[in-house]
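Notes for the one structure printed next.
The values are calculated or read from the model by the stated rules, or taken from the named source; none is laboratory data. It should be emphasised that the depicted structure is a prediction, and the values quoted were computed from it without experimental measurement. Cβ placement follows ideal geometry from the backbone for every residue including glycine, while neighbour counts extend to all protein chains displayed.
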Amino acid sequence: MGANVARMINTQFLMRARRGAALTFLSAGLVTAPSALPAQTAQTAPPVAAPIASPAGRAADVASLDAILAALYDVISGPAGQKRDWDRFRSLFVPGARLIPTAGAPGQPARAVVWTPEEYSQRAGASLERDGFFEREIGRSVDTFGRVTQVFSVYDSKRTPNDAKPFQRGINSIQLLNDGTRWWIVSIYWDAERADNPIPERYLKK
């Protein structure tokens, strides 16, 4: 779902790491002294907020697995200066869905960053619209069991459709649900290709 996103996450990761020392004592207290917490904590914790309802999806976008994957790549793609249709983007996702890019500075442990579709549109949207971004699927493998469909969707990313080479490739691991009336994206978990993490040839077939 984009190299811009990975660069932004890694920058945030380094900034948080510098602040980590100031939080060590507090973290240790929470981990090593749970008995010090009031007994009423579990009873008085605020209820979990209900997921925000998704906008109604276009019938053509959610009618099939092929359609919803095509809509996903289409809605985030466009030239520099073009606003994306974020309502259309949100309509592809089940309420409570998550987008999870991997992150980690060189030499540091990898980590997962968990976003809602709304958070993705707020944090990644500006760079997509500013710089131009076109992402397409170049390989796919699908597994389905019951109501669960898992797709390894290989992508490449360019600034314009006519660029000779992509600036990034990777794999989106996409989990989907067909509720009997339409398809929904439940989660997208992705990592980018790197010199030490090449995309296996078996995933580059459609």
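Before moving on, here are some points about what is shown:
- For first residues located in the stretch 119-147 and outside any strand (DSSP E or B), partners that are of a type in the set (K, R) and lie 6+ apart or on another chain with Cβ distances below 8 Å form the pairs S121/R84; S121/R90; G125/R84; L128/R84; E129/K83; E129/R84; D131/R159; G132/R159.
- Pairs with Cβ under 9 Å, 6+ apart, first in the stretch 88-101 and of a type in the set (S, T, Y), second surrounded by fewer than 18 Cβ atoms within 10 Å (Cβ to Cβ): S91/P55; S91/A56; S91/R58
- E118 surrounded by fewer than 17 Cβ atoms within 10 Å (Cβ to Cβ) and touching a helix residue (DSSP H, G or I) at 6+ places or on another chain (Cβ under 8 Å): yes
- Evaluating Q82 against the criteria (1) touching a residue at least 60 places away in the same chain (Cβ under 8 Å); (2) within 21 Å of R58 (Cβ to Cβ) leaves one unmet condition, (1).
- Selection status of E193, within 17 Å of L72 (Cα to Cα), touching a strand residue (DSSP E or B) at 6+ places or on another chain (Cβ under 8 Å) and modelled with pLDDT of 95 or more: no
- Looking only at residues of the stretch 151-178 that are closer than 27 Å to V62 by Cβ and without any contact (Cβ under 8 Å) to a residue 24 or more places away in the chain, we find that the one that is surrounded by the fewest Cβ atoms within 10 Å (Cβ to Cβ) is S173.
- Residue satisfying all of: in the stretch 185-206; assigned to a strand (DSSP E or B) and of a type in the set (V, I, T); surrounded by the fewest Cβ atoms within 10 Å (Cβ to Cβ) among these: V186
- Among the residues of the stretch 166-184, those that are among the hydrophobic types (A, V, I, L, M, F, W, C) and either farther than 22 Å from E201 by Cα or in a strand (DSSP E or B) (or both) comprise I171, I174, L176, L177, W183, W184.
- Single condition V186 does not satisfy, out of (1) touching a residue at least 40 places away in the same chain (Cβ under 8 Å); (2) over 21 Å from R88 (Cα atoms): (2)
- Residue count, the stretch 130-150 (criterion: surrounded by 18 or more Cβ atoms within 10 Å (Cβ to Cβ), farther than 15 Å from D74 by Cα and acidic (D, E)): 0
- Test: residue in the stretch 72-83 that is modelled with pLDDT of 95 or more and under 13 Å from I185 (Cα atoms): yes
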